[in-house]
Structures are given as C-alpha cells and as structure tokens.
Amino acid sequence: MNLFAPPKLITAQVFAELPKKFRRTKVSAERVAAGRPAPTGGCFLEGPSFDRNGNLYVTDIPFGRIFRISPKAEWELIVEYDGEPNGLKIHKDGRIFVADHMNGLMLLDAKRGTIAPLISRHNLESFKGLNDLCFAGNGDLYFTDQGQSGLQDASGRVYRLRANGRLEVIADNIPSPNGLVLNNKENILYVGVTRANAVWRLPLLPDGTVSRMGVFIQMSGGRGPDGMAIDEDDGLAVAHPDMGAVWVFNHRGEPLYRIDSPGTDVVTNCAFGVRNPHRLYIVDSEGGAILSAELPTPGRKMYSHA
C-alpha cells in the first residue's frame, strides 16, 4: 500500500567533475587490509559546504584530500594529509571544521593549506570514527560518531561541542549515525541513521537534552540515508546511496521529489547553493562529480553565512 502520492521525478545535471589529474589508483596498505581497495573512480567525495564567496569545499575520504571548487567549476587541491576527512562545515568566523574518521574533529586552514586535530576523544576515550557535523545559530557544533556501528553494534553517538568548548554526548545507542541537520527553530535535530535506513528525530529541550528520540522517516532500499540538507520550510533533502537519488520530504515527512543521479548510484551528500539557494548540489561520490538540481523552496541559510 502506498501511503503518499508518487514524488515528482527530477534528473540532476552535472555541475563539475574531478579532473583526471586528481584521480588516484592506490590507497594505503591499511585500507587494503581492511577490505577497502581504491575506488573505481579514483576518489570518494563527501562533505559539501559553501563559503561566503560561493566556493564549494568537498572531501575525498580514502586519499585524505580536501578540494575547493570555484563557481566556475574549477578544482583546487587545498590539502592532502594522513587522514580520512568526511563531513565539513564552515564557522561564520571562517574556520573550517572537518569530521575525520581517523583523527577526530579537525580544523582546516585553507589559506595556508594545513589541517590539525582539534578534539580526538571524549572523556579520554577515542572516538569510533567521526562522520558529519552541523552548526547551531549560537555556535554549538553537533557531530556524529559512526565508526563501524550498525544493527549488529548500535553504539554510534551524537555529540555537541558547545561554543564554550564543553563536549557532551546527547544521544547514543544509534546504529550508524550519519548526516545531521537542525530545523529552523533549532529545537529538533534530524539524524540520518544509515544502517536502520531511517531518519531519526531528536527533540531538544531548553537545556539541550534530548527527549523522546524516535523515527521520523522510515526508508527502504539502498544503503540507508547519508548526508542531508534542510530548506526554509523545514523540508529535508536526504541523500540515499545505492538508490542513486536524493529524496526531498516536507516538514511532515511526506515525499515531494526524487532527484535522480545521471552518474553512479552512490550519491552521499547534498548542500543548497549560496548564489542560488534554490539550487541543490549533490555529491556523486564514486563518480567524482558534483550534480545539481533546481527546487522551488530555497535552502536554509547556513551558519557560515549568518
């Protein structure tokens, strides 16, 4: 039984593709031993985030690289280091925060082309493997610690780094927490729970604690939800790897649009544009491409542009 009307189908367009000179064929021995050979496209892109000038930053997990893409679709390698950068978000003061699976929470200096650890553990315990992050309007930073958690080991966590430097666990026992966004009132945190193939809803009380965490959207097929973006009406754009699609739901969780990839099926993340907030930019991770599609509702202004 179909509970909702079929979502409108949109096919994304290619905005930019990683140049051939940046595509790699060899990964570290550690990744090979872990059963992670070099990706077929010579990269695995994630973490899209725009700066104030309209440049798009993306990470390349297996090769420890961060790129900047200009509005003219020109690629520039900002840094290459021993790490596995995933999520990336920009503070309104210009600092660039990176969720690194190997090294924890890091700070990127794009002008100098350097990156350094900021926080690598909580209560003297190492993180499992950070994944994604988002800012609140007061400067608090929320991030997911996914590691290898899943239904076999529901030990993933969501952290909040207060603007004053205090680090808190706000939710645990999550099977693979991934992308996350705050609603416009910032009293609900939505988390993509990949291995449960669902988006969870975490209501935030005035003191910041989570009350009655539950499932907001139950999905099916694919690998489960990855990165997300939110629009001005609290609609969620949810990247769904292996489905080759980004689903757009309204504030009730009703599906409105399905944006299909013209490239590979492994679309992992999305972000609304700065110069045109109606345009959603989508990462085709395996294909090494940035896709885009026009939507009627503009994206919510990011903290970096507040």
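The values are calculated or read from the model by the stated rules, or taken from the named source; none is laboratory data. Predicted, not measured: the structure shown is a model, and the values here were computed from it. Glycine gets a Cβ as well: all are built from the backbone with ideal geometry, and neighbour counts include every protein chain shown. Each accessible area value is taken on the protein alone, full model and side chains, heavy atoms only, with ligands, DNA and RNA left out. Shrake-Rupley method; radii C 1.70, N 1.55, O 1.52, S 1.80 Å.
Residues in the stretch 39-68 that are crowded, with 23+ Cβ neighbours inside 10 Å and β-branched (V, I, T): V58, T59, I61, I66. Listed by position, the strands (runs of 3 or more DSSP E) enclosed by the stretch 222-306 that each have at least 1 residues that are under 17 Å from T11 (Cβ atoms) and of a type in the set (D, E) are 255-260, 279-284, 289-294. Checked against (1) closer than 25 Å to Y142 by Cβ; (2) modelled with pLDDT under 95, L295 passes all but a single condition, namely (2). Restricting attention to the stretch 196-219, the residues being assigned to a loop (DSSP other than H, G, I, E, B) and touching a residue at least 40 places away in the same chain (Cβ under 8 Å) number 2.
Scanning the stretch 68-86 for residues that are free of Cβ contacts under 8 Å to residues at least 24 places away in the same chain and not in a loop (DSSP other than H, G, I, E, B), which turns out farthest from S49 (Cα to Cα)? My answer is E80. Annotation note: of A245, A239, the sole residue that is within 26 Å of V169 (Cβ to Cβ), in contact with a strand residue (DSSP E or B) (Cβ under 9 Å, 6 or more places away or on another chain) and open to solvent by less than 10 Å² (accessible area, probe 1.4 Å) is A239.
Counting only strands (runs of 3 or more DSSP E) that sit completely within the stretch 90-195, those holding 1 or more residues that are without any contact (Cβ under 8 Å) to a residue 40 or more places away in the chain correspond to 96-100, 104-109, 114-119, 141-145, 156-161, 167-174, 188-193.
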